[in-house]
Each structure stands twice: as structure tokens, then as C-alpha cells.
Amino acid sequence: MSDKTVSNMEEKPKKPKKNMKKFKYGSMSLAVIVLVIVLVIIVNLMCSMLAKRSPLKIDLTPDKRYELSDESIEAVKNLDRDVEITVTFQKSDFDSMGAYYQQMYLAYYGINVETPYEMIPSILEKYELYSKQGKGNIKVQYVDMNKDPDIIARYRKFYNNDIPEGSIVVFSGDDKNGRVKVISEQEVLSMIKPANTSTQTAVTMSFVGESTLTSAILNVTDSNPIRTAFVTAINGASVAGSDTATVSGIMEFLSKNGYDCTEVDIATDDISPVDYDMIVVPMPTVDFTADIIDKLGDFLYNGGNYERDMLYIPNMTVNDLPNISEFLADWSIEVDKNFVMDDKNWVYISDLRNLNIMAEVNDADSVGTLPNDTLPIVAPASKKLSILTKNNDSVATSVLRSMDTSYDTEDQTTGARDIAVISRKETSVGVDTYTSHLLVLGSSVMTDSAILEQTNTFNNANVLIGMINTMTGKEANAVIPEKALQQAKIAPDASQLNIIKILVIYVIPAIVAVCGVIVFVRRRNR
């Protein structure tokens, strides 16, 4: 055998080394691929877990239209019961709704404004998302009433009225016990409407749907709702005469804040303290008979057990009500015929001018904590209230007063006047004290829905519900601010710009650099 043959035989074993090298590189590539896949899975799992606790979508709209307010987020996180929100139409219907009303405004009013109803499903998703951070869970579903009649039939067991198509049903409970709040189709449409500050030439749309939705959720999860007899009629006639809109506005406001309001006829209906916790008498235009006065007194006395409350709002144009005046005097309160005026501290709302007086809190304990105590309180056309010194068992306290620069139509001397007074009567049994309250507001206009809805302008909504909640002992509900809608465009704020900056300048380049290093090392080791 030649030396050449022997040499060739010795060189043949080198081929497996080449195969081993390929196997080594192939294994490394496979390991890298597997590692990347595992990292992607881990990142996805982490994102999925994070998504259950906080939103991952960034709302870049200038008006934050797709995000809940802090008040709603806090309320939803504190839920201890499950809630079902059933929308009786499809998600796509919101898009059609927005396009239709945008065209309507353009055709009828010649105004091109956004009506972004498509934001409502996104808002509903946020309720689901934030509820996962608390004990309660919110589930949102869209149903066809014709295809899913059993779902709606389940809610009808706990709701006396009809549930029409186009409404949103909010429910909490089980098949035996439950509470239902139905948001009508008209209320859904009213979630987006022109702001009160709009004019014929400049229309700004506002979103008030969050207030409606959050209030409905809190309403059905309230374990101790305040049952309220709302006096809307007397012997079949409107108790407030032609001013029914203001009465409806007050009732809607209370309903949104967890009060179960039932309309009653003060003359013919039984108002038993067994059935109701509070009675509201808004702006009566006629005097009450002695029987009706006794009915009010018996309700507040509650067989000596007290623990019942009443809100009375005088009529702005009616003064001669002797029986009602005597009833109020028994609670050490007098409603004067004179209006409070102020030439310096007033807010322009309408042609009332210096009757649009500003008020201030005189008894913080009766109002509770305000989320923003810098906003003004306005009390247009307020009658002067007086606390009477009488030898009776009532104790009256001034809650709201006008500014020191105010005066009244009879006495031009400047000085603060009472415009909201609360009086209490109580009894003691051992160490326990039982109390009934009567709250009187001097101004009916301060409860007008046009003012109550301007939560970013006036403090009236928070002050009013604060006084009533304190009186009734009800746990405070959140007053959700309205949201002014701007033209949709990407306009990130400072924090969002910082996130984008970090992603673009650091994160993305770092990922590219790591990938480059991996490729470089692999090629060098081949």
C-alpha cells in the first residue's frame, strides 16, 4: 500500500467534524429560535395578566374620550358584587348612530360636529377591565332581543316596566334576588349632546354617558338604597304647576345618585315611613291642607322612632302658603318672600344677573368632603331663609350662606343670608339617638339640571348630593364630571410623549442592537 493511500485513509475521519460543526450551528439556531418563542410566550402571558389589571391601550385623544374618570375607576374598583351590563343592540349600531346624528346636525342646523357614539363600547370595555381590580366583576354583553329572549326575560322578573329594544340593562344579583336599572334608548342617545355652553354658531358636544353608566352600576349594587317618595302631584294636578321640567331634573339627579324615587300624589297616596325613607316636596304652587300637613308630620315622627327625612324646595313665584309656613316654623325655619341679591359676587347664567348669587358652605359637616372646593356654588333667585328662635324640640343649622356682599330686596344692608338650612328633631333610647331631618333650599334654580350637569363649572351637584347624603346617612356616591368632546386628533400629553420618547429612542434601538449582536456573533463563529 502506497504512502498516498495511507495518507488519504488518515484524512477521511475529518468529515464528521464538519458535520458536527453544522450540527453545532444548527442547534444554536434552534436554541435561539426556541428561546425567542419562549420569551414571546412569556411576554404574552405577562401582558395578558397585566391587561386584566390595567389598560394597555393608550388614549391619545385630547379629551380622553376612551378613558374613565378617576371617580368612576375608584367606584368600580370598590365594587363587592358582580354586575351584568346587557346592551340590546350590536356594537356596529353605535357607529351607525354616530354617522346618522352627525349628518342630522349638518342637514338641520348646518353645523358639522362629531357625534362619536362609537366611544360608548370602548367605555364599557373599561368598566369590565377596571372591575377586575376589585372584588366585583362587570360583564358586558350585546344581545339580540329576538334571538335571546330568555336573557331579557330574566331581568323582567325584577323590573316592573317594559325593557324595550335599544336600551341598556344593568343588573346585579341572582335568579332569586336582583336589582335592575334600565337605561332607555333616549338616555343612550342623550349620552352625547351639545354642552350647555354651546351657542348657535359654536357647538361643543359633551359626553355625559359615564355619569349615567356609573350611577346605574352603583344603583344596582347599593345594599341600602334610600326609598324616596317624590311629590309630583296634588289631587291629580302638578304640584309645581307648569315647572315640571325642574321637578323631573331633581328626581333624575337623585335617581342617578342611588335614590329609589317613586312619584306620589301628596293628597291621595299613602306615604308610610314603612315604605319610604325620605320625602321630597319640590316647589308647591298651592298650600297644603291640614290633613296633608299631618301626613308629613306623621312621616317624620315615624311613630316616635324618627329616622326619616324630608327635602323642601319653595316655589320662586308663590309666597302665600300659611299651612306650609306653619309646618316649617315648627322646624324653626322660615322662607322669606324676599330674594337675596349681590352686585359683586354673582355669576352670569341668564338675565337674572345679580340674582345669580354665589354661595359658600357655612357648615362643612352637613355637606361632607367636596372633590374640588374651589368651584363656585351658584344659587339663582334664592329666597332668604331664617332660623327661628322657638321653644320647640328642633335644632336648625345654616348650611349654605350668601357672601358678605349680598343683600335682600327688602333690606339693603349688606351681609350674608341663609340660603340652605337643615333642622333636626331627635329622641334618645338608652345610648342610641334617632333623628329626623328637614332640609330647606332657598333656591329652586340651583337644582336645575342645566346647572347640576356643569360639574366642571359649578359645585352645585357635589354640594347638593353631599347635603342629602349626610342628612340620610347614605354612603357618598361619585358625581361624575361631564366630558367636553373636542375634534378627534392625536394630541398626546406630556406623560404619553415621554412614553413614546422612551420607546423610540431607547427600547426599539436596544432591541435592534441586541439582534445585531446575535447575528454578528453567529457569523463570526461559523
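The values are calculated or read from the model by the stated rules, or taken from the named source; none is laboratory data. Remember, it's a predicted structure, so these values are computed and weren't measured experimentally. Positions of Cβ are generated from backbone atoms using ideal geometry, with glycine treated the same way; all protein chains shown enter the neighbour counts.
With the structure loaded, tell me whether residue 206 is in the same structural domain as residue 424 (by TED's automatic domain parsing) and either surrounded by fewer than 19 Cβ atoms within 10 Å (Cβ to Cβ) or polar (S, T, N, Q) (or both) or whether it fails that test.
No.
Is it the case that segment 375-392 has a residue that's under 30 Å from residue 75 (Cβ atoms), part of a loop (DSSP other than H, G, I, E, B) and either modelled with pLDDT of 95 or more or not aromatic (Phe, Trp, Tyr) (or both)?
Yes, segment 375-392 has at least one match.
Return only the number of the condition from (1) more than 29 Å from residue 103 (Cα to Cα); (2) aromatic (Phe, Trp, Tyr); (3) touching a Leu at 6+ places or on another chain (Cβ under 8 Å) that residue 171 does not satisfy.
Of everything listed in (1) more than 29 Å from residue 103 (Cα to Cα); (2) aromatic (Phe, Trp, Tyr); (3) touching a Leu at 6+ places or on another chain (Cβ under 8 Å), residue 171 misses just condition (3).
Can you pull out the residues in segment 376-393 that are of a type outside the set (Gly, Ala, Ser), buried (at least 21 other Cβ atoms within 10 Å of the Cβ) and farther than 16 Å from residue 424 by Cβ?
377, 378, 380, 383, 384
So for segment 257-264 (the condition being farther than 25 Å from residue 461 by Cα and either of a type in the set (Val, Ile, Thr) or buried (at least 19 other Cβ atoms within 10 Å of the Cβ) (or both)), does at least one residue qualify?
Checking segment 257-264: not a single residue is farther than 25 Å from residue 461 by Cα and either of a type in the set (Val, Ile, Thr) or buried (at least 19 other Cβ atoms within 10 Å of the Cβ) (or both).
One line per residue, one yes/no per condition, for (1) of a type outside the set (A, V, I, L, M); (2) closer than 12 Å to residue 227 by Cβ; (3) assigned by TED's automatic domain parsing to the domain that holds residue 472:
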position: 250; (1), (2), (3): no, no, yes
position: 265; (1), (2), (3): yes, no, yes
position: 271; (1), (2), (3): no, yes, yes
position: 289; (1), (2), (3): yes, no, yes
position: 293; (1), (2), (3): no, no, yes
position: 297; (1), (2), (3): yes, no, yes
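Just one of 240, 233, 229, 216 is in a strand (DSSP E or B) and either surrounded by 22 or more Cβ atoms within 10 Å (Cβ to Cβ) or touching a Cys at 6+ places or on another chain (Cβ under 9 Å) (or both); which is it?
Exactly one of 240, 233, 229, 216 is in a strand (DSSP E or B) and either surrounded by 22 or more Cβ atoms within 10 Å (Cβ to Cβ) or touching a Cys at 6+ places or on another chain (Cβ under 9 Å) (or both), namely 229.
Check every one of the strands (runs of 3 or more DSSP E) wholly within segment 293-371 and list those with 1 or more residues that are surrounded by fewer than 21 Cβ atoms within 10 Å (Cβ to Cβ), out of contact with any helix residue (DSSP H, G or I) (no Cβ under 7 Å at 6 or more places or on another chain) and acidic (Asp, Glu).
333-342, 356-361
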